[in-house]
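Asker: Structure provided below as structure tokens; questions to follow.
The values are calculated or read from the model by the stated rules, or taken from the named source; none is laboratory data. Since this is a predicted model, take the numbers as computed values, not measurements. Methodologically, a virtual Cβ is constructed for each residue, glycine included, from the backbone with ideal geometry; neighbour enumeration extends over all protein chains shown. Areas reflect the complete protein model, heavy atoms only, side chains present, ligands, DNA and RNA absent. Shrake-Rupley method; radii C 1.70, N 1.55, O 1.52, S 1.80 Å.
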Amino acid sequence: MAADARAPHALLLPYPAQGHVIPFMELAHRLLDRGFAVTFVNTEFNHRSVVAASAGRRQRLRLVGIADGMDDGEDRDNLIRLNVTMQEAMPPQLEALLDGEGLGTVTCVVVDVGMSWALDAAKRRGLPTAALWAASGGVLAVLVGAKNLIRDGVIDDDGAPVKLENKSFRLAESMAPMDATFLAWNYMMGNRDAERMVFHYLTTTAWAAVAKADVLLCNTFAELEPDIFTQHSPASILPIGPLRTWQRPAREAPVGHFWRSDDEACLSFLDAQPHGSVVYVAFGSLTVMSPLQLQELALALGASGRPFLWVFRPGLAGKLPPAFADLLRAQHGRGKLVEWAPQESVLAHSAVGCFVTHCGWNSTLEGIRNGVPLLCWPYFTDQFTNQTYICDIWRVGLRVAPMDTEGIVSKEQIMGRLESLMGDSGVKERVSKLKELAERSMSGDGQSLKNLNAFIESMRK
């Protein structure tokens with residue numbers, strides 16, 4: 001149905017990856033709560049997944065799919081090609097949506113920083129605009145300030161590190177040193193061509209967002225990244241996180257996941273486990289592991305003697321060794337595998353004692369705001385940045401293996417790290433303090449809530 005002509009009408013456009021769609025959907029529900037009509041635009045490919053996964057839930061917003069320019073059989077995990085085809089195929093379709101084609105008049109637009117090329121159409125129509133960054137404020141600040149890093153000889157014109165001191169750099173002379181992992185584009189599994197292309201795409205879109213959006217938003221909070229939210233930062237970033245809407249009634253819970261989760265099975269399993277005993281394992285939507293590595297992880301979980309809930313989504317691995325299923329059957333009910341999980345609800349459950357994670361930013365925030373220690377197993381790009389935050393800066397988790405480890409992480413190594421993490425009272429105390437800060441930021445007089453309210457009011461104009 002068409003949007004209510006009397007209500008402000010926001011069009012939201014996330015980057016087409018699960019970790020971007022989720023915070024955008026949470027922001028959409030914040031806007032709905034404040035009387036906005038919302039049109040949520042996914043690529044057609046992701047739109048089909050979201051609709052299928054959310055079947056049976058009441059929708060308060062309009063879900064729309066537009067073509068991304070790729071053929072049906074193409075690999076959409078090839079983000080470099082996807083970035084090219086989207087910029088060619090999507091703008092004309094967005095123009096039609098902004099002109100109210102079947103939806104009613106759009107009055108404001110929020111795009112992903114990675115989709116900031118879409119801002120041109122909104123600006124031509126004089127609409128209020130915002131760009132939301134779905135990762136850490138630290139990585140966004142580095143992208144915005146990349147020209148200064150090139151000027152100072154820290155990186156070359158293609159983003160490769162040139163001059164680092166003790167594997168660190170300064171974004172500005174007056175700012176604290178930053179670890180090399182904040183040059184997040186340099187962690188593309190050793191593919192230098194991919195790193196170069198990702199660097200140029202991310203910096204170009206970040207600079208466009210700064211130049212064209214009325215406000216630059218980030219799903220973080222200032223107390224989590226205090227070195228970024230200072231007067232010396234190269235960009236004016238408005239922290240509005242951690243965005244959180246999962247505590248709604250189930251039938252009104254935000255949609256946006258690409259796979260359907262079995263909420264009842266997950267929570268029933270957790271209800272039967274002792275307090276703080278469960279190892280929750282989830283590696284996001286893009287991570288791929290070798291069958292041998294998965295077997296070592298399964299062996300470690302089995303030998304640990306602890307109950308575990310493992311999100312084993314389709315595509316996590318290729319053909320598994322026959323012994324893998326036997327390993328899991330031997331757990332006698334202590335372990336449960338699911339294709340997808342209601343992660344916020346899982347992490348909020350008192351039975352969960354630690355989170356084995358790929359360190360995506362959403363997972364990182366969800367672990368923190370639920371006070372759960374993190375065992376880090378990053379895959380690529382800013383996941384290594386987040387690992388640095390978790391292990392070295394906030395000290396609320398451990399690495400599953402040293403940064404320079406290559407090859408298979410053994411069962412014994414994994415078990416050792418699990419035991420170290422779950423027995424570390426200091427980690428538990430520090431993550432509990434971050435949980436308190438996260439809750440405070442989005443309640444009462446919290447700065448993130450104030451920022452969010454100010455942003456929403458600016459979109460009414």
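Asker: Which listed residue (HIS20, SER350, GLY426) has the Cα farthest towards the positive end of the charge dipole for the chain, taking +1 on Lys and Arg C-beta and -1 on Asp and Glu C-beta about the Cα centre?
Answerer: Working it through, the farthest residue towards the positive pole turns out to be SER350.
Asker: Using a basic spin-label model with each label point 7 Å from the Cα along Cα→Cβ, how many nm lie between SER350 and ARG192?
Answerer: Taking the two extended label points, one gets 5.5 nm.
Asker: Using Cα-Cα distances under 8 Å and only pairs 6 or more residues apart, what relative contact order does the chain have, in percent? Show your work: numbers first, answer last.
Answerer: Numbers: 837 pairs, mean separation 72.3, N = 461.
Contact order relative to length: 16 percent.
Asker: Right, here's the next one. I'd like to know which of PHE229, LEU164, CYS359 lies farthest towards the positive end of the charge dipole of the chain, counting +1 on Cβ of Lys and Arg and -1 on Cβ of Asp and Glu.
Answerer: Farthest towards the positive pole: PHE229.
Asker: Any aspartates and glutamates with Cα under 12 Å of the LYS167 Cα? List them, leaving off those in the same chain fewer than 8 positions away.
Answerer: The qualifying aspartates and glutamates are ASP179.
Asker: Determine the share of the range 326-461's accessible area contributed by carbon and sulfur atoms, expressed in whole percent, with a 1.4 angstrom probe.
Answerer: On the way: 2690 of 5620 Å².
Roughly 48 percent of what the probe reaches on the range 326-461 is carbon or sulfur.
Asker: Charges on Cβ only, +1 for Lys and Arg, -1 for Asp and Glu, centred on the Cα centroid of the range 71-230; of PHE199, GLY126, GLY114, which one is farthest towards the dipole's positive end?
Answerer: The Cα lying farthest towards the positive end belongs to GLY126.
Asker: Report Rg/Rh for the range 1-90, rounded to two decimals, where Rg is the Cα radius of gyration and Rh the Kirkwood radius.
Answerer: Here the Rg-to-Rh quotient is 0.99.
Asker: Aspartates and glutamates within cross-link reach of LYS435: Cα-Cα under 18 Å, excluding same-chain residues under 8 positions apart?
Answerer: List returned: GLU223, GLU225, GLU344, GLU366, ASP392, ASP424, ASP445.
Asker: With no solvent and one point per C-alpha, what does the Debye sum give as log10 I(q)/I(0) for the chain at q = 0.07, 0.12 Å⁻¹?
Answerer: -0.34, -1.08
Asker: Let me ask something else about it. Given a 1.4 angstrom probe, what's the average accessible area per residue across the chain, in square angstrom? Working shown, then result.
Answerer: Values: 18860 Å² over 461 residues.
With the other protein chains kept in place, the chain gives 41 Å² per residue.
Asker: Rounded, prolate or oblate: pick one for the range 84-130, where a ≥ b ≥ c are the square roots of the eigenvalues of its C-alpha gyration tensor, a/c under 1.5 means rounded, and failing that, prolate if a/b is larger than b/c, else oblate.
Answerer: Numbers: a/c = 2.10, a/b = 1.26, b/c = 1.67.
Oblate is the answer for the range 84-130, as a/c is 1.5 or above yet b/c matches or exceeds a/b.
Asker: Give the distance, in whole Å, between the Cα centre of the range 332-350 and the Cα centre of the range 53-98.
Answerer: Cα centres, the range 332-350 to the range 53-98: 30 Å.
Asker: Further question: So how much accessible area does THR105 have, in Å² to the nearest 10, using a 1.4 Å probe?
Answerer: Surface open to solvent at THR105 totals about 110 Å².
Asker: Largest first, what is the accessible-area ranking of MET90, MET189, MET442 with a 1.4 Å probe?
Answerer: Values: MET90 0, MET189 115, MET442 30 Å².
Accessible-area ranking of MET90, MET189, MET442, largest first: MET189, MET442, MET90.
Asker: A follow-up question, please. What is the magnitude of the charge dipole of the range 94-142 about its Cα centre, with +1 placed on the Cβ of each Lys and Arg, -1 on the Cβ of each Asp and Glu, and no other charges, expressed in debye to the nearest 20?
Answerer: On the way: 3 positive and 5 negative charges, 35 e Å.
So the dipole magnitude of the range 94-142 works out to roughly 160 debye.
Asker: What do you get for the angle between helix 79-98 and the principal long axis of the chain? Use alpha-carbon atoms, 0 to 90 degrees, nearest ten.
Answerer: 40
Asker: Pairing the Cα long axis of helix 447-458 with the longest principal axis of the chain, what angle in degrees results, from 0 to 90 and rounded to the nearest 10?
Answerer: 30
Asker: Cα to Cα, under 25 Å, and not fewer than 8 places away if on the same chain: which lysines meet these conditions relative to LYS212?
Answerer: Cα-Cα hits under 25 Å: LYS123, LYS147, LYS450, LYS461.
Asker: Let me check I have the definition right: for the range 330-381, take the eigenvalues of the Cα gyration tensor, multiply each by 5, take square roots. What are those semi-axes in whole Å, largest first?
Answerer: Working: eigenvalues 78, 42, 22 Å².
With the √(5λ) rule applied to the range 330-381, the semi-axes are 20, 15, 10 Å.
Asker: In degrees from 0 to 90, rounded to the nearest 10, what is the angle of the helix 425-441 Cα long axis to the longest principal axis of the chain?
Answerer: Helix 425-441 sits roughly 20 degrees off the main axis of the chain.
Asker: From the gyration tensor of the Cα coordinates in the range 70-221, what semi-axes in whole Å does the equivalent ellipsoid have, largest first, with each one equal to sqrt(5λ)? Spell out each step's value before the answer.
Answerer: Working: eigenvalues 197, 77, 27 Å².
Taking √(5λ) for each Cα gyration eigenvalue gives 31, 20, 12 Å.
Asker: Here's a follow-up. Only bridges with both residues in the chain count here: give the DSSP antiparallel percent, nearest 5.
Answerer: On the way: 4 of 45 bridges.
So the antiparallel bridges in the chain amount to around 10 percent.
Asker: Can you compute the radius of gyration and Dmax for the range 141-247, using only the Cα atoms, both in Å?
Answerer: Spelled out, the Cα radius of gyration and Dmax of the range 141-247 are 14.6, 47 Å.
Asker: What is the local net charge at ALA209, summed over the other residues whose Cβ is closer than 14 Å to its Cβ (Lys, Arg +1; Asp, Glu -1)? Each step should come with its number before you reach the end.
Answerer: Details: positive: LYS123, LYS212; negative: ASP112, ASP120, ASP214.
Charge balance near ALA209 sits at -1.
Asker: Still on this structure: Might you report the magnitude of the Cβ-based charge dipole of the range 44-195 about its Cα centre, with Lys and Arg at +1 and Asp and Glu at -1, to the nearest 20 debye?
Answerer: Dipole magnitude for the range 44-195 comes out near 780 debye.
Asker: With +1 assigned to the C-beta of every Lys and Arg and -1 to the C-beta of every Asp and Glu, and no other charges, what is the dipole magnitude of the chain about the Cα centre in debye, to the nearest 20?
Answerer: Values: 44 positive and 51 negative charges, 210 e Å.
Around 1000 debye, computed over the chain.
Asker: Let me ask you something else. For SER236, tell me the accessible area in Å² from a 1.4 Å probe, rounded to the nearest 10.
Answerer: It works out to around 110 Å².
Asker: Let me ask something additional. Quick one: pull the percent of accessible area on the range 44-174 belonging to carbon and sulfur, 1.4 Å probe, ligands and nucleic acids left out.
Answerer: On the way: 2770 of 5850 Å².
That share works out to 47 percent.
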